[in-house]
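The values are calculated or read from the model by the stated rules, or taken from the named source; none is laboratory data. Computed from a prediction, not measured in an experiment: that's the story for all the values here. Glycine gets a Cβ as well: all are built from the backbone with ideal geometry, and neighbour counts include every protein chain shown.
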């Protein structure tokens with residue numbers, strides 16, 4: 001559900017906040033209904049560059065008083081101090097949305113000192129180019145409108161999905177939150193191998209990035225399983241089969257499973273520490 005006049009306040013105006021604001025504006029959100037607080041003049045200038053009607057340079061408390069949906073877009077280590085500062089400025093059924101990694105719903109509510117409606121969102125880096133994947137979970141206090149508003153915001157920068165069990169957020173972090181780095185590493189290795197095979201830097205870069213883009217789009221737009229798509233590229237006894245055989249002998253599946261479990265475990269540790 002779209003709500004172009006929803007009053008949205010951002011505490012923190014960094015890259016992810018800028019991406020979300022940009023996505024909202026591209027979707028038609030009223031810029032006068034967006035207010036941002038950030039101590040950095042550079043970050044405020046970047047927000048204004050998106051649209052001069054965005055309200056910036058305000059105190060955290062003023063943004064909290066303005067917003068119907070307050071987005072906490074600060075570093076996890078700053079969240080406790082920010083939340084306690086804002087607790088007295090919030091009232092009613094205003095929605096709090098946290099995009100800080102690892103901080104549980106219960107901890108956010110504890111800091112605010114009340115059973116506030118809270119939605120926790122795990123976005124990922126491709127949100128910066130409007131191709132993000134965000135996973136959301138709502139506290140029990142959230143009503144349908146709260147959920148609709150949070151989904152409206154997340155949808156401005158890509159796709160979104162809900163979960164009901166917060167413990168699954170650690171797996172979400174391992175897959176989609178950290179996931180772009182895995183693909184970047186693969187692209188980095190492919191580009192390096194291309195150069196070693198004699199291709200130029202420019203051509204190595206083009207081949208790797210366009211192939212990654214095409215594979216991703218093919219998987220997204222096809223009704224076929226990824227396994228089937230892989231098989232369609234792999235002729236028996238061919239070049240692809242030769243490469244995949246080496247990867248399978250190196251236990252790439254086991255290694256990757258181990259890596260993702262390590263990311264999940266670290267996410268759980270960070271949540272317990274927050």
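Below are the figures for this structure:
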{"read-out": "Test: residue in the range 58-72 that is more than 18 Å from residue 3 (Cβ to Cβ) and touching a residue at least 60 places away in the same chain (Cβ under 8 Å)", "value": "yes"}
{"read-out": "So residue 25, is it under 22 Å from residue 160 (Cα atoms) and in a helix (DSSP H, G or I)", "value": "yes"}
{"read-out": "Condition met for residue 196 (farther than 25 Å from residue 132 by Cα and either modelled with pLDDT under 95 or assigned by TED's automatic domain parsing to the domain that holds residue 19 (or both))", "value": "no"}
{"read-out": "Residues (within 16 Å of residue 74 (Cα to Cα) and part of a loop (DSSP other than H, G, I, E, B)) located in the range 35-52", "value": "38, 39, 40"}
{"read-out": "Among the candidates 176, 160, residue that is over 14 Å from residue 101 (Cβ atoms) and crowded, with 16+ Cβ neighbours inside 10 Å", "value": "160"}
{"read-out": "Hits in the range 96-125 (condition: outside any loop (DSSP other than H, G, I, E, B) and free of Cβ contacts under 8 Å to residues at least 40 places away in the same chain)", "value": "96, 98, 106, 108, 109, 110, 111, 112, 118, 119, 121"}
{"read-out": "Lone qualifier among 255, 260 - being assigned to a helix (DSSP H, G or I), under 18 Å from residue 178 (Cα atoms), in the same structural domain as residue 182 (by TED's automatic domain parsing) and out of contact with any helix residue (DSSP H, G or I) (no Cβ under 7 Å at 6 or more places or on another chain)", "value": "255"}
{"read-out": "Scan of the range 217-230 for residues that are in a helix (DSSP H, G or I) and surrounded by fewer than 13 Cβ atoms within 10 Å (Cβ to Cβ), ordered by number", "value": "217, 220, 221, 226, 227, 228"}
{"read-out": "Options 136, 128; residue that is within 17 Å of the chain's Cα centre (by Cα), closer than 23 Å to residue 171 by Cα and assigned to a strand (DSSP E or B)", "value": "136"}
{"read-out": "Residue check, residue 43 assigned by TED's automatic domain parsing to the domain that holds residue 153 and without any contact (Cβ under 8 Å) to a residue 24 or more places away in the chain", "value": "no"}
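For every residue, the table says whether it meets (1) within 22 Å of residue 96 (Cα to Cα); (2) touching a helix residue (DSSP H, G or I) at 6+ places or on another chain (Cβ under 8 Å).
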{"position": "123", "(1), (2)": "yes, yes"}
{"position": "137", "(1), (2)": "yes, yes"}
{"position": "151", "(1), (2)": "yes, no"}
{"position": "171", "(1), (2)": "no, yes"}
{"position": "189", "(1), (2)": "no, no"}
{"position": "213", "(1), (2)": "no, no"}
{"position": "218", "(1), (2)": "no, yes"}
{"position": "221", "(1), (2)": "no, no"}
{"position": "229", "(1), (2)": "no, yes"}
